[in-house]
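The values are calculated or read from the model by the stated rules, or taken from the named source; none is laboratory data. Computed from a predicted structure; not experimentally measured. Reconstructed Cβ throughout: ideal geometry from the backbone, glycine too, with neighbour counts over all protein chains shown. These accessible areas exclude ligands, DNA and RNA; they are computed on the full protein's heavy atoms, side chains included. Shrake-Rupley method; radii C 1.70, N 1.55, O 1.52, S 1.80 Å.
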Amino acid sequence: MSEAPALFSVLRQSADAGCVAVIERLVADAPDHHLSRINALAFARRHRLDEEKTIAAFLHAARIGLFELSWNVLCPGCGGVLDVNATLKSVHAEEYNCALCAAGYEPTLDEMVDVTFTVSPRIRRIAAHDPHTLPNWEYYRQVFWGSGVDLPETGLEKAVEKMTLDSIELPPGEKAHLSLTLPAEFLIVFEPVTHAAQFIDIKGEPASERQNLTLVYTNLRAPTGTMELRPGPLRLSLENRTDRRILPGIWIANDTMHEFIGKRRPFLTAKRLLSNQTFRDIYRTDTLDVDQRLKITSLTFLFTDLKGSTELYERVGDLVAFDLVREHFRVLNESVAAEGGAVVKTIGDAVMATFATPDRALAAALRMREAMRALNATHGREDLLLKIGIHEGPCLAVSLNERQDYFGQTVNIASRVQGLAISRSILATAPVIDNPQSANLLSGGEKPKAQHHMLRGVGSEVAIYEIP
């Protein structure tokens, strides 16, 4: 750990001191599994830290080499990790298949890619750096399942015994034979290293003679199949033809299993990270390849523009106007960052920002309006009149002009909504206003009323609400 003190000294210069202190104690004293695929949101909650400051601290820590950042493609069904990537650029498959769920999924950045942090082996060597030495169920905890699966801190092995008939560790090139008594249940022989599964439907009259089943594991992933067997004795033969240790287990697919893997907790999604200002500042263009098009099913866009900025330059002169506009950008950036959003780009005097949820965008807009009022008050004139438009919906994360950007009709509508605003207006669409958390923000005042407008490029009228 000789590098750690110097790197933590560097980290304290860019990240929140309280977060850095907790992370430093974690690296020094925590058990190994606490340093593998850290869920930044769970970490913040456990240590009563601010989420945004915690995310920023881990990002800065990863950038200087204290941690390794990982983009993990998850199965929406079981929460298992289908692919691990050091960069989002590697998430390029059109479909990811889960053998345990026997389903394929087109990747989206909302809930299918989680971002985790693992301590660098240069700082502290942990068991997860050599995953094929991990005990069976610790392999599941630290390698197979994503950080959104809420596993028990202690007693994991005892908990999984309730849904497991048997399990075994099988070295490369080895064979094993298991003698089992099959219950009248639906069983899954699952192997997490090769991500292979065999479904067995146990039904019918009990078998009077021993049944036999052979499963061979190779480096090629076979599709999940289903076979029928009868209750009673089974001789299960397993053969490992891979170059790695494997961990086949026989699971009972009952309510206990579904309840166990169904316990979830919030995790840091790729969508949220792409809308994080610290991430955008640190990683800039090193996010997506030029030809990547990654789907996001829900993202909120906020556009701003200054009313009469051309007249402002004419009225007060270029130097004064430039300083005013620069100050306006500062307060907008602060408002966006305060609500966990990110400024994607500026276009003249306009700003495009993104937020993971509509309520955060609405809260940022309200902050902006108050900040602009205060800024105008300090100058004693209404020089800066801000127009704001907000819309939520699906989009594509892309790389444009050497910048991580977004594309799609949602972006177009958000821009058009802002174009309808008059001086000092906040306009939002129904998906923003109908969000329950947005409703809570507006509960103390007058309820916004809808006006229907035709927007260029949109085939039907759109309900637009002005925020009082």
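List of remarks:
- Computed from label points 7 Å out along Cα-Cβ, the spacing between E327 and A102 is 6.7 nm.
- Pair-distance distribution of the stretch 62-211: all C-alpha pairs, bin width 5 Å, starting at 0; shares per bin in whole percent are 2, 7, 14, 18, 18, 16, 11, 6, 4, 2, 1, 0, 0.
- A simple spin-label model places pseudo-atoms 7 Å from Cα toward Cβ; at Q451 and R284 they are separated by 4.2 nm.
- Within the accessible area of the chain (1.4 Å probe), percent carbon and sulfur: 49
- Taking Cβ separations below 4.7 Å as the criterion for a possible disulfide partner, the isolated cysteines in the chain are C19, C78, C395.
- Accessible area per residue for the stretch 412-465 is 56 Å², calculated with a 1.4 Å probe on protein heavy atoms, without ligands, DNA or RNA.
- Per residue accessible area of the stretch 77-129, 1.4 Å probe, in Å²: 38
- Angle in degrees between helix 409-420 and the longest Cα principal axis of the chain, rounded to the nearest 10: 20
- Relative to the longest principal axis of the Cα atoms of the chain, the long axis of helix 51-64 lies at roughly 70 degrees.
- Each Lys and Arg contributes +1 and each Asp and Glu -1, all at the Cβ; summed about the Cα centre of the chain, the dipole is approximately 520 debye.
- Burial order of peptide ranges 166-178, 344-356 (average beta-carbon count within 10 Å, highest first): 344-356, 166-178
- Checking (i) 4, 14, 23, 20, 9, 4, 3, 3, 3, 3, 3, 3, 3, 2, 2, 1, 1, 0, 0; (ii) 5, 22, 33, 26, 11, 3, 0, 0; (iii) 4, 17, 24, 22, 16, 10, 5, 2, 1, 0 against P(r) over Cα pairs in 10 Å bins from 0, in percent calculated from these atoms, the matching label is (iii).
- For the stretch 323-459, alpha-carbon Rg relative to the globular expectation (2.2 N^0.38 Å, N residues): 1.05
- For the stretch 1-96, alpha-carbon Rg relative to the globular expectation (2.2 N^0.38 Å, N residues): 1.19
- Overall, the anisotropy analysis places the stretch 148-305 in the prolate class: the square-rooted eigenvalues a ≥ b ≥ c of its C-alpha gyration tensor yield a/c not less than 1.5, with a/b exceeding b/c.
- Taken along the Cα-to-beta-carbon direction at a fixed 7 Å, the label points for E382 and A207 span 8.4 nm.
- Residue-normalised accessible area of the stretch 167-270, given per residue in Å² at a 1.4 Å probe: 50
- Compared with the dominant principal axis of the Cα atoms in the chain, helix 358-379 is inclined by about 30°.
- CD proxy at 222 nm, helix term only [per DSSP H run n ≥ 4: -39500 (n - 2.57); per residue of the chain; nearest 500]: -9000 deg cm²/dmol
- For I246, residues with placed amide H under 5 Å, excluding near neighbours: L170
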